[in-house]
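Let me begin by presenting the structure, written as structure tokens, before commenting on it.
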Amino acid sequence: WLGEVSSVVLVQSLRDLHTAYRNFFNSVTGKRKGPKIAPPRFKSKRDSRQSIRLTANGFSLRGNGRLYVAKVGDLRVRWSRRLPAVPTSVTVTMDAAGRYWASFVVDTDPDFLPETAAETGIDLGLSAFAVLSDGQKIASPRFLRRAERKLKRLQKDLSRKAKGSKNRAKARIKVARQHARVADRRRDWHHKESTKIVRENQAVYVEDLAVSGLARTRLAKSVHDAGWSAFVGMLEYKAAKHGRYFSRIGRFEPTSQVCSACGIKDGPKPLSVREWTCQECGTVHDRDINAARNILAAGRADRLNACGAKVRRAPVPAPRREAGSPQKG
């Protein structure tokens with residue numbers, strides 16, 4: 001059965017296995033920072049998501065717009081856009097809904113946008129998806145909440161089917177397709193809003209949220225429905241692509257406690273308080289807009305420090321493994 005697929009696919013799978021084992025052992029020994037990495041597991045034909053990757057030796061593009069894959073043949077492709085350059089590899093993926101995707105890797109130059117003087121700080125939330133420092137509020141569409149009634153009905157039909165039956169397989173596909181529609185709508189909306197923000201602002205500052213921690217609270221479903229991590233990731237790579245500045249401020253910055261007008265720290269406030277008055281200057285603040293303005297100010301301060309301003313943090317000695325020339329012997 002190994003001969004049924006191209007040898008290029010097997011080589012790429014071995015490379016992925018080598019990378020997975022290296023990350024696992026580096027995580028166990030402490031060389032890799034962050035959460036612990038689990039050991040790799042065997043692939044299964046019952047996995048809901050399957051993929052293969054081919055280099056230039058395993059695929060080619062035909063003149064009639066079809067994609068040739070070794071040991072498979074010509075595939076009809078519904079192109080979403082023209083390829084800007086000759087692709088170096090392609091990944092063919094089948095998702096849980098039974099849809100097939102072809103993702104190409106190409107080498108392109110950055111598309112810099114004209115410079116603008118506008119800068120913005122973004123405060124992400126649940127009542128409003130995002131609040132900009134200029135007072136603009138982006139409402140949260142809540143795609144999963146709107147599709148819950150239909151998902152509940154489809155999930156109930158799935159639970160009534162006998163395990164291993166063809167009817168259960170059909171019901172599972174229906175549930176997967178509904179989830180795919182929700183994810184596609186959310187992703188499309190994220191792309192539109194992130195592109196608009198990057199085009200209108202020269203610098204974008206956001207707060208580094210602990211999404212994994214918030215996902216373990218009673219707000220888990222709403223946090224996952226918002227998709228903050230995917231949205232911030234889009235802002236980051238689009239800013240790099242279009243020549244914009246992107247920065248994250250620390251998650252422990254007291255953006256909701258500091259008055260953006262006079263800079264006085266007014267103390268912590270429960271989430272039920274959406275408006276408050278500064279006891280020092282008497283300014284009435286909207287909680288989210290005030291936080292967005294503080295994020296903008298903190299991002300600008302970090303940017304000035306990074307550009308060589310005189311304001312510096314306490315000196316930190318360089319680690320020995322990075323300073324000086326390597327020792328011999």
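The values are calculated or read from the model by the stated rules, or taken from the named source; none is laboratory data. On a predicted model such as this, the values are computed, not experimentally measured, just so you know. Don't worry about glycine lacking a Cβ; one is built from the backbone with ideal geometry, like all the others, and counts go over all protein chains shown. Only protein heavy atoms, including side chains, enter the accessible area calculation; ligands, DNA and RNA are left aside. Shrake-Rupley method; radii C 1.70, N 1.55, O 1.52, S 1.80 Å.
On the basis of being in a helix (DSSP H, G or I), open to solvent by 20 Å² or more (accessible area, probe 1.4 Å) and in contact (Cβ under 8 Å) with a residue 60 or more places away in the chain, does residue 222 make the cut?
Considered against the rule, which asks whether it is in a helix (DSSP H, G or I), open to solvent by 20 Å² or more (accessible area, probe 1.4 Å) and in contact (Cβ under 8 Å) with a residue 60 or more places away in the chain, residue 222 comes out as yes.
So residue 322 fits all but one of (1) more than 23 Å from residue 200 (Cβ to Cβ); (2) of a type in the set (Asp, Glu); (3) modelled with pLDDT of 80 or more; (4) out of contact with any Asp or Glu (no Cβ under 7 Å at 6 or more places or on another chain); what number is the exception?
The number of the failed condition is (3).
Give the residue that is surrounded by the fewest Cβ atoms within 10 Å (Cβ to Cβ), with candidates limited to residues of segment 236-248 that are in a helix (DSSP H, G or I) and either touching a Lys or Arg at 6+ places or on another chain (Cβ under 9 Å) or small (Gly, Ala, Ser) (or both).
240
Could you tell me which numbered condition residue 155 fails, if it satisfies all but one of (1) in a helix (DSSP H, G or I); (2) open to solvent by 100 Å² or more (accessible area, probe 1.4 Å); (3) of a type in the set (S, T, N, Q)?
Just one mismatch for residue 155, condition (2).
Mind listing just one residue for me: the one in segment 64-91 that is over 26 Å from the mean Cα position of the chain (by Cα) and more than 20 Å from residue 52 (Cα to Cα) and, of those, least open to solvent (accessible area, probe 1.4 Å)?
Taking the candidates together, the pick is 65.
Scan 216, 181, 187, 172 and give me the residue that is more than 15 Å from residue 122 (Cα to Cα), of a type outside the set (Gly, Ala, Ser), open to solvent by 90 Å² or more (accessible area, probe 1.4 Å) and part of a loop (DSSP other than H, G, I, E, B).
Unique residue meeting the criteria: 216.
Of the residues that sit in segment 95-129 and are of a type in the set (S, T, N, Q) and touching a Ser or Thr at 6+ places or on another chain (Cβ under 6 Å), which one is least open to solvent (accessible area, probe 1.4 Å)? Don't jump to the end; show me each part of the working.
Of all residues in segment 95-129, those of a type in the set (S, T, N, Q) come to 103, 108, 116, 120, 127.
Then drop every residue that is not touching a Ser or Thr at 6+ places or on another chain (Cβ under 6 Å), which leaves 103, 120.
Values: 103: 63, 120: 4 Å².
Across segment 95-129, the extreme among qualifying residues is 120.
When you go through 298, 261 one by one, which is the residue that is of a type in the set (Gly, Ala, Ser), within 30 Å of the chain's Cα centre (by Cα) and either assigned to a loop (DSSP other than H, G, I, E, B) or closer than 12 Å to residue 123 by Cβ (or both)? Talk me through it step by step, then tell me what you get.
Values: 261 fails: within 30 Å of the chain's Cα centre (by Cα).
Answer to the selection: 298.
Looking for something at pLDDT 95 or above and over 23 Å from the mean Cα position of the chain (by Cα) - is there at least one such residue anywhere in segment 175-188?
yes
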